[in-house]
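Novice: The structure is given below, and queries will be raised subsequently.
The values are calculated or read from the model by the stated rules, or taken from the named source; none is laboratory data. Just so you know, these numbers come straight off a predicted model, no measurement behind them. Cβ: placed from backbone, ideal geometry, glycine included. Neighbour counts: every protein chain shown. Heavy atoms of the whole protein, side chains included, go into the accessibility calculation; ligands, DNA and RNA do not. Shrake-Rupley method; radii C 1.70, N 1.55, O 1.52, S 1.80 Å.
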Amino acid sequence: MTAVLAVGIFVIAYVFIATEKVNRVTAALAGAGLMALAGIVDAHSAFFAEETGVEWNVIFLLLGMMIIVSILKQTGLFQFLAIWAAKRARGRPYRLMVMLLLITAVLSPFLDNVTTVLLIAPVTVLVCRRLGLPVAPYLIAEALVSNIAGTATLIGDPPNIIIGTRAGLSFNDFLFNLAPIVVVLVGVFLLMCRWLFRDTLRRRPQHAEDLMDLDEREAITDPKMLVRCLVVLSAVVVAFALHSVFHLEPSIVALLGAGVMVVVSGTSSQQFLEEVEWSTLVFFMGLFVLVGGLVRTGVIEWLGEAAISAVGGEYLLAATALLFGSAVLGAFVDNIPYVATMVPIVQGVVDAAPDPEQGTALWWAFALGADLGGNATAVAASANVVVLGIAARNGERISFWEFTKYGAIVTVVTVSLAWPYVWLRYFAFG
């Protein structure tokens, strides 16, 4: 009976999160509260238990990176990069798109994709308006490429943070296993943009001179502060890559980096905390408690045993199902709650694998499916929702279907290209 109640609470909360009938933070917190009220979880299981509680490593990793980005934003670095790229494109729409997308793709693996689009999208609106270009194609393309490029690292996409933390996979593990295919997929996507947005990529020569009047150097508000912050950011990225050598969790690296950057920048607490996405962090906390209720009542264990039985030792089939299934299921809900729900189930299947390498391959198929599937619809990834919000605030409405008609095509192509990679790398010669 308790398990049925836990499933009921979870499903109701999930429906509200997926349909956005209620703010997702409200839905997650209400669901977590009902789990506690029904006696399914208690304070210990919600806040301290490793298997059923809030994953604090994820929370503090995100918090540290948000503070780092908040301080970097104050230097004007991101506006500088966008204006610089636009001027180098000399008003040519497709070249401008490629340069903005390359900046987004380079930033996304090292900043989470929500943060990346928050920084790049407002400047994109400015540049497109100066050139008389439609804003929507550029914003849509930036959201799509951020989801693809963010797949490459542990910190590039929130689902990866959840997967890496629960599976014990390092920054280097993600980089070594997923970055090669991500580079290929970004290249394919850049070529696809020429065709996808062909009707809107028309040059307006009369506006090009207006863009050239912008001085990107004026965007840098404090050059000395920027240099200090870039040194700290470089050290943080190196520490992420070597965290297994230093025996430091990524969350500790992010918090240490944030602390050092606060000191060297001299910013006040009000300045660097106002940009932190507190609602996202609270949403994660509520979500972890919801999933923990399913774990505590044995629902996740039952699903895991069913999945192991269905696989029957066919781990290529399991990887294929995770890759394509995650892309399909993740298309209709945000990939963050989807991954948080599925992680314990995938863990059970991986633990049962007789070949550890093929078992670990399931994590990579899962990550690729969830991250790439985040492009399928306007609500499949947080970055998509953020971009639609930025567009609306700037009077450039992007409808659900306008985004989805491009995202669905990109998802089909990228997931289809990811499958041969998974097969060749982990199963073909095993």
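Novice: Applying the Karplus parametrisation 6.51 cos²θ - 1.76 cosθ + 1.60 with θ = phi - 60° to the phi angles of region 343-359, what ³J(HN,Hα) value in whole Hz is obtained for each residue in order, glycine and proline being reported as x?
Specialist: Per residue, the Karplus-derived 3J(HN,Hα) values read 3, x, 5, 4, 4, x, 5, 5, 5, 8, 6, x, 9, x, 5, 5, x Hz.
Novice: Let me ask something else. Sort 280-287, 420-427, 356-363, 115-122 by the packing proxy (mean of other Cβ within 10 Å over each peptide's residues), most packed first.
Specialist: 115-122, 280-287, 356-363, 420-427
Novice: For the chain, set up a GNM with springs between Cα atoms under 10 Å and report which of SER170, SER45, SER309 has the largest fluctuation.
Specialist: Maximum fluctuation in the GNM of the chain, among the listed residues, is at SER309.
Novice: Please list, ordered by chain and number, the residues whose modelled amide H lies under 5 Å from the amide H of THR267; skip anything fewer than 5 residues away on the same chain.
Specialist: Correct list: empty.
Novice: Still on this structure, I have one more. With every protein chain left in place, what is the accessible area per residue of the chain in square angstrom, probe 1.4 Å?
Specialist: On the way: 17810 Å² over 430 residues.
Roughly 41 Å² per residue, with all protein chains present.
Novice: Let me know the shape class of the chain, please: from the alpha-carbon gyration tensor, a ≥ b ≥ c as square roots of the eigenvalues, rounded when a/c is under 1.5, otherwise prolate if a/b is greater than b/c, or oblate. Show your work: numbers first, answer last.
Specialist: Numbers: a/c = 1.66, a/b = 1.43, b/c = 1.16.
Here the chain falls in the prolate category.
Novice: What shape does region 48-96 take by its C-alpha gyration tensor, where a ≥ b ≥ c are the square roots of the eigenvalues and a/c under 1.5 counts as rounded, a/b above b/c as prolate, and the rest as oblate?
Specialist: Working: a/c = 9.16, a/b = 2.78, b/c = 3.29.
Judged from the Cα gyration tensor, region 48-96 comes out oblate (a/c at least 1.5, b/c at or above a/b).
Novice: Then there's this: SER399 to TRP278: FRET efficiency via 1/(1 + (r/R0)^6), r the Cβ-Cβ distance, R0 41 Å, to the nearest 0.05? Please list the in-between numbers first.
Specialist: Details: r = 29 Å, r/R0 = 0.70.
For SER399 and TRP278, the calculated efficiency is 0.90.
Novice: If the elastic network links every pair of Cα atoms under 10 Å, which of SER251, SER265, SER399 fluctuates the most in the Gaussian network model of the chain?
Specialist: The residue that fluctuates most here is SER399.
Novice: Ignoring any ligand, DNA or RNA, what whole percent of the accessible area of region 354-430 comes from carbon and sulfur when the probe is 1.4 angstrom? Intermediate results must be reported in sequence, preceding the final value.
Specialist: Numbers: 1950 of 3020 Å².
Answer for region 354-430: carbon and sulfur cover 65 percent of the accessible area.
Novice: When the accessible area of region 1-46 is computed with all protein chains present and a 1.4 Å probe, what percentage of it is carbon and sulfur?
Specialist: Ligands and nucleic acids excluded, carbon and sulfur give 73 percent.
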